[in-house]
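Engineer: If you scroll down you'll find the structure; I have some questions about it.
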Amino acid sequence: MARPFNAIPLVKLPADYDRRTGAILAGFYEQHGPIFRTEAFGSPTIFLAGPEANRFVMTSNRLKFSHHVGWGRFFDTEFMFGNGLLTMDGDEHAQHRRMMNPAFTVNYMDRYLPIMMRIIRERVDAWLTVGEVDLYDEARKITFDVAAEALAGMAPGKEVEQFRDLYSALMYGNWSSITEIRTTLDSLLRKKIKERRANPTDDILGMMVRVQDEAGHHLSDEQIIAHTNILLVAGHETSTSLSAWLLYLLVTQPDYTARVMAEQQAVIGKHDDPTLDQIKNMKVLHYALQEAERLYPPVPNGPRGVVEDFEFEGYQVPAGVFALYSIIASHRNPRLFAEPDRFDPDRFAPPREEDKKTPYSLVGFGGGPRICLGINFAQVEIKALTSYILRTMELNLVPGQTIQQVYGATGFPLNGIRMKVRRR
């Protein structure tokens with residue numbers, strides 16, 4: 001017989017939880033097992049940790065959980081973004097995902113790569129005029145510009161800058177101004193949608209205007225706006241975080257970086273812009289990207305609302321509970337990843353392949369049917385950016401910094417990651 005909810009081990013989150021999230025949750029996982037609860041968030045909350053918990057939430061029992069309710073605990077997502085892919089549940093999500101899948105195939109990636117490389121070159125080359133940059137801030141500008149042009153078909157220059165400023169204000173500005181910001185964004189996006197209906201294009205916005213479901217229904221303007229908002233905000237946030245941390249790790253690990261540089265020479269040679277096939281062949285760089293994902297996942301815990309009673313590990317969990325499946329606790333588990341606090345990209349290479357020995361252990365991009373739709377886009381973008389920087393620039397950490405990841409709903413380096421830059 002299942003034990004009652006109140007029998008689930010109760011933990012108290014310390015005051016520095018936001019700065020030591022990984023160590024704290026990994027410690028609770030080791031001490032209490034794959035389920036524990038807290039009262040820190042104002043209502044009954046459970047943490048589900050480890051690969052079996054990840055599988056339970058993402059695949060085998062996913063319909064017992066709501067993304068809409070879960071993300072709504074952090075943001076008023078409907079008010080800020082509309083109801084896009086991130087917050088849709090059940091059949092509605094499956095239908096919309098099927099409609100959007102074609103835009104993230106290899107054929108589309110070939111179209112996105114030239115846009116990525118042009119923006120990367122322009123932005124990174126401009127670093128030389130200032131000599132010192134914050135990697136996190138610069139990565140945010142690059143990844144947003146790429147998303148705005150490649151995914152939403154926005155014009156380079158003033159239009160992209162206008163949207164970047166609006167989305168930045170939406171995410172980080174004054175709450176009292178959000179209604180005005182959303183009204184402005186909606187008006188601008190409706191204008192873009194109208195343009196796409198009159199003159200079809202091959203970007204994702206153009207695809208969303210044209211696509212139909214099995215019954216021949218098109219997406220409404222409101223649905224297209226919501227999906228665009230989520231693609232631009234969620235898409236560039238993930239790439240921003242991973243790009244900055246990957247570069248930081250490589251700068252501080254010169255032995256491994258030498259191997260990455262050797263691979264770059266072998267794969268690209270004298271070519272300035274890599275092809276999609278060349279990016280796929282950057283195995284040494286890819287293992288480093290996976291290690292950045294493991295050590296610094298952009299989202300520490302996946303939020304879900306429990307919408308149906310379930311039993312897990314002998315405990316009864318009722319509907320109405322807030323659930324967090326802990327990405328970072330899995331990533332820092334020594335039974336899954338040897339010496340989990342150490343930078344060791346070779347853990348992902350043959351013959352070790354630690355992530356493949358236990359499915360659902362590396363889940364920075366999610367897993368199961370709802371694995372991140374843009375995972376290939378993000379990985380290509382991050383590797384293209386890192387490749388260009390390493391081949392053209394020499395980076396050195398500005399001395400005296402305290403580099404620290406801080407987590408709320410998402411993660412970011414508290415005071416940025418400042419680097420001195422010069423031409424290689």
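Throughout, read-outs are computed from the coordinates displayed, never taken from laboratory work. This is a predicted model, so every value here is computed, not measured. No Cβ is skipped: glycine too gets one built from the backbone with ideal geometry, and neighbour counts run over all protein chains shown.
Engineer: Based on alpha-carbon atoms only, what is the radius of gyration of the range 13-157 relative to the globular estimate 2.2 N^0.38 Å?
Structural biologist: In units of the globular-protein estimate, the range 13-157 measures up at 1.40.
Engineer: May I pose another question? Non-local amide H neighbours of residue 316 (under 5 Å, H modeled in plane, Pro and chain starts lacking H): which ones?
Structural biologist: Under 5 Å from the amide H of residue 316 lie the amide H atoms of 3, 5, each far enough along the sequence or on another chain.
Engineer: Gaussian network model of the chain, Cα springs within a sub-10 Å range: biggest mean-square fluctuation belongs to which of 298, 351, 254?
Structural biologist: Evaluated over the chain, the most mobile residue of the options is 351.
Engineer: I'd like the per residue volume of the convex hull spanned by the Cα atoms of the range 106-233, given in cubic angstrom.
Structural biologist: Spread over its residues, the Cα hull of the range 106-233 gives 125 Å³ apiece.
Engineer: Oh, and also: Based on the alpha-carbon set only, what is the convex hull volume of the range 5-423 divided per residue, in Å³?
Structural biologist: Here the figure is 149 Å³ per residue.
Engineer: Further question on the same structure: Normalised by the empirical 2.2 N^0.38 Å for globular proteins, what value does the Cα Rg of the range 355-410 take?
Structural biologist: So the Cα radius of gyration is 1.58 times the expected 2.2 N^0.38 Å.
Engineer: When the Karplus curve 6.51 cos²θ - 1.76 cosθ + 1.60 is applied with θ = phi - 60°, which whole-Hz ³J(HN,Hα) does each residue of the range 124-140 get, with x for Gly and Pro?
Structural biologist: So the J values, rounded to whole Hz, are 5, 4, 5, 4, 5, 6, 10, x, 8, 9, 9, 4, 5, 5, 5, 4, 4.
Engineer: Under the Kirkwood approximation for Rh and a Cα-based Rg, what ratio Rg/Rh is obtained for the range 278-424?
Structural biologist: Rg/Rh: 1.02.
Engineer: I want to verify the translational diffusion coefficient of the range 232-319 in µm²/s; compute it with Stokes-Einstein, Rh as the Kirkwood radius over Cα pairs, at 37 °C and 0.692 mPa s.
Structural biologist: My calculation gives 205 µm²/s for D.
Engineer: In the chain, how many lysine pairs have Cα atoms under 16 Å apart, counting only pairs 8 or more places apart or on different chains?
Structural biologist: The number of close lysine pairs in the chain is 6.
Engineer: Would you work out if the range 139-191 is rounded, prolate or oblate? Take a ≥ b ≥ c from the square roots of the eigenvalues of the alpha-carbon gyration tensor; rounded if a/c is under 1.5, else prolate when a/b is larger than b/c, oblate otherwise.
Structural biologist: Note, shape of the range 139-191 comes out oblate.
Engineer: From the alpha carbon gyration tensor of the range 100-139, can you work out the equivalent ellipsoid semi-axes (sqrt of 5 times each eigenvalue) and give them in Å, largest to smallest?
Structural biologist: 29, 11, 5
Engineer: Show the residues, 5+ positions off or on another chain, whose built amide H is closer than 5 Å to the amide H of residue 325.
Structural biologist: Residues meeting the criterion, in which the H sits 1.01 Å from N, are 48, 302, 304.
Engineer: Quote to one decimal, in nm, the extra length available between residue 161 and residue 63 on full extension: 0.36 nm per residue of separation minus the C-alpha distance between them.
Structural biologist: Value of the extension gain: 31.3 nm.
Engineer: Here is a further query. Distances longer than 15 Å among the Cα atoms of the range 31-85: what percent of all pairs is that?
Structural biologist: 61
Engineer: Right, next: Please turn the phi angles of the range 87-101 into ³J(HN,Hα) values with the Karplus equation 6.51 cos²θ - 1.76 cosθ + 1.60 (θ = phi - 60°), one per residue in order, whole Hz, x for glycine and proline.
Structural biologist: For the range 87-101, the Karplus-derived couplings read 10, 6, 10, x, 5, 4, 5, 4, 5, 5, 5, 4, 5, 9, 3 Hz, x marking Gly and Pro.
Engineer: Quick one: putting +1 on the C-beta of Lys and Arg, -1 on the C-beta of Asp and Glu, what dipole do you get for the chain around its Cα centre, in Debye to the nearest 20?
Structural biologist: 520
Engineer: Relative to the compact globular guide of 2.2 N^0.38 Å, what is the alpha carbon radius of gyration of the range 64-108, as a ratio?
Structural biologist: Here the answer is 1.32, to two decimals.
Engineer: I'd like the Karplus ³J(HN,Hα) series for the range 141-150: coefficients 6.51, -1.76, 1.60, θ = phi - 60°, whole numbers in Hz, and an x wherever there's a Gly or Pro.
Structural biologist: Each residue's phi maps through the Karplus curve to give 5, 5, 5, 5, 4, 4, 4, 5, 7, 6 Hz.
Engineer: Over all alpha-carbon pairs in the range 185-275, figure out the percentage whose distance exceeds 17 Å.
Structural biologist: When all Cα pairs of the range 185-275 are counted, 67 percent exceed 17 Å.
Engineer: With n ≥ 4 as the cut-off for DSSP H runs, can you work out [θ] at 222 nm for the chain, using -39500 (n - 2.57) per run divided by the number of residues, rounded to the nearest 500?
Structural biologist: My calculation for the chain gives -15000 deg cm²/dmol from helical runs alone.
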